[in-house]
Amino acid sequence: MKRLPYSHKILFIEDEKNLVDIYHDIFEINNILLLSTDNIEDGIIIAKKENPDLILLDLILPVTDGAVLNIGREEGLRFLELIKANKQIKDIPIVVFTNLDSRAARARTRELGAIDYIIKANYTPREAVEIIKKHLPK
Amino acid sequence: MYINLILLGIIVLINFSLGVLAFINNPRNKNLKIFFLFIIFLVTWIIANYFSDITKDYFWVIFWLRLTFIAPVLFATVLLYFGLIFPAEKLRISSRYLLGISSLIVSILVFSNLIIKDVVIKESGVDVVFGYLGAVYLLYFVGILVAALIVLLKKYFKSKDLEKKQLKTFILGLFLFLFGATVTNLIIPFIWGLFEPSKYGPYFSVIFTTLAFYAITKHHLFKVKIIATEIFAVILSIISFAQIFIYESWQGRFLGTILFIFVTFFSYLLIRSVLKEVKSKEQIERLNKELSRKNEYLDELLKQKSEFLHVTSHQLKTPISIIRGYLSMIIDGDYKGTKKDEAIIKVMQATNRLSDTVRDFLDASDLEGETIYFKLEPVNIHDILKETISDKQILIKNKNLQIIMAEPHEEIPLVSTSKDRIIDVFSNLIDNAVYYTPKGSITISFIKKGKSVIVEIKDTGIGISKEESAKLFEKFSRSSRSKLLRPDGSGLGLFIARKIVINCGGKIWFHSDGQGTGTSFFVELPIYNDKKI
């Protein structure tokens, strides 16, 4: 069976393999290509190379120094700062897709230019995809 | 001559007043006795100095002169003693006697002809002719003095906070005094043979006693108020004492005396009430400080708790979103056949992870904060490790690892620990070894060392890098490499293990030569009452 060309391309920065698998499948069903990586350095490289239509960003990602989480110093926030400083990719819309339910993090990501903040556990993949699709260019 | 006498009188008076004031300030001050001794020897020295200068009678000249030689030795001895015991050290009785007796012998020798052979009385003053042991005296005095200075300076560099400040003031006073006294009483007389300037030595003692007084009373927060009151009271008493002599008639003198007694008595009451007030102010200040410190601690604790809660909710939501994700895909019919079966297994795994995470969080939350000691019991750790390994057979088999339990060379004594909790520790360490060892073996061995037993769990796994090792025992600390091999870890295992071992009175540490070199974890537990199995 010949498959249709993808309508959109999304970059998913997420370190939880099971979630990457699930969202890969659900986006595939929606005819959207999901690229993924578990760290922000690769995220920048892929964003530059692939120029995705949207970036789905988890906030809590492991850091090489061993710490998983530093409240107020999450890796996802660092990604937002990095991408903002990068001319080539600074206009790619970013949706924060996390389980960190913190008012401070929400405010900070908005400041840094994220267009939405979705708590993963609150939605089924289908519901989440519907929300994300609204942010995709028509 | 008359002016000299008045000046000396004033210096003696100031020295004594400082002693009395120090006593009124804090009669229980542990340095008070030593301060008094300093004053006594100084005043002796001053008085002897004066009389040796004004007396022309040969017997008395030599008597007073000898006293001027004894007082400095005793002063230096007390100084060395003070240096040795400050701030709260005990000196061995033998050392104390050695110091005391040797100074006493030197002091007695000063009264023989061996040290001071003769004096030559001149118009301008007195010249001393030294005996055979003159040099010995000088060496002993300088030796003790230098030793005291070294000890004091050493203590100064070691001390901190208030003690450092006290010593600084004390040593400054001492140096100024010694400088003045050495120049006038040692350098000039011994090098140029001029004894005339030695009478100015006493003036420098005031610098020392004032600064020493300041040092020992310094810890009073509101000291300025007390010292001002004290000075005022002393001046008032001196004036009222002096006015007794102004009156010619006995009635006048009688009234003057009564007035003097009244003034002195009320001055004493005044100082006491000021002291009382200051003390209660200090108490309030201290309580305030303590309260704000406790407040800061509670704030910090609250912050930690709220951060912990944030992370907790995040870590719990991750498996929930996985469960919800897979289940909804199954319900919506997106997953069918094998894909569906795989999804169900993933749901099961995520459920296990959820339950483990909840357990770890409760453990971590229980163990956080101050150390709570568990109820300890005699435990055979050899048996416990055997059981733990047999519980993990499937896990080990799946990874195709070899697990070796090294047979101990000698009987392993019972250790004192909490059985239930130490099982958690070993289970966690063996889990880690299994997860982070892609191939090879895990070796468990026992070492008896002194009054404790060390268990070593050694693997041939991924090792620990320098960056990772710094944070290994912290909460939620997981490296990206560990996440790769064990994606469902809570990041709390080693934090909990460490807390448990510490609460059991043991130690836990690890050794790894870096990435890819394997890791050894060590748990040291105290032997239970030295009883053998």
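Observations on the structure shown:
- Scanning region A:101-138 for residues that are in a loop (DSSP other than H, G, I, E, B) and more than 11 Å from chain B (Cβ to nearest Cβ) yields A:112, A:113, A:114, A:115, A:135, A:136, A:137, A:138.
- Cβ-Cβ under 9 Å pairs, at least 6 apart or on other chains, region B:99-124 side assigned to a loop (DSSP other than H, G, I, E, B), far side β-branched (Val, Ile, Thr): B:111/B:70; B:114/B:136; B:115/B:106; B:115/B:136
- Inclusion of residue B:52 among residues that are more than 44 Å from the chain's Cα centre (by Cα), surrounded by 14 or more Cβ atoms within 10 Å (Cβ to Cβ) and small (Gly, Ala, Ser) is warranted.
- Only one entry in A:34, A:11 is surrounded by 20 or more Cβ atoms within 10 Å (Cβ to Cβ), part of a strand (DSSP E or B) and within 14 Å of another protein chain (Cβ to nearest Cβ), namely A:34.
- Scanning region B:62-110 for residues that are crowded, with 21+ Cβ neighbours inside 10 Å and polar (S, T, N, Q) yields a count of 3.
- In region B:138-176, of all residues being more than 18 Å from residue B:38 (Cβ to Cβ) and among the basic types (Lys, Arg), the one that is surrounded by the fewest Cβ atoms within 10 Å (Cβ to Cβ) corresponds to B:160.
- Flag if residue B:116 is over 20 Å from residue B:200 (Cβ atoms) and exposed (fewer than 13 other Cβ atoms within 10 Å of the Cβ): no
- Candidate set: region A:20-31, residues that are among the β-branched types (Val, Ile, Thr) and free of Cβ contacts under 8 Å to residues at least 40 places away in the same chain; chosen: the one farthest from the other protein chains (Cβ to nearest Cβ): A:20
- Exactly one residue among B:309, B:291 is in a helix (DSSP H, G or I), within 14 Å of chain A (Cβ to nearest Cβ), free of Cβ contacts under 8 Å to residues at least 12 places away in the same chain and within 42 Å of the chain's Cα centre (by Cα), and that residue is B:309.
- Of all residues in region B:449-477 being more than 8 Å from chain A (Cβ to nearest Cβ) and under 15 Å from residue B:428 (Cα atoms), the one that is modelled with the lowest pLDDT: B:475
- Of all residues in region A:117-138, exactly one satisfies the criterion of being buried (at least 17 other Cβ atoms within 10 Å of the Cβ) and either of a type in the set (Asp, Glu) or modelled with pLDDT under 90 (or both), namely A:121.
- Candidate set: region B:321-339, residues that are facing another protein chain (nearest Cβ under 7 Å) and among the polar types (S, T, N, Q); chosen: the one nearest to residue A:20 (Cα to Cα): B:321
The values are calculated or read from the model by the stated rules, or taken from the named source; none is laboratory data. Note that this is a predicted model, so its numbers are computed, not measured. Using ideal geometry, Cβ is built from the backbone for each residue, glycine included, and neighbour counts are taken over all protein chains shown.
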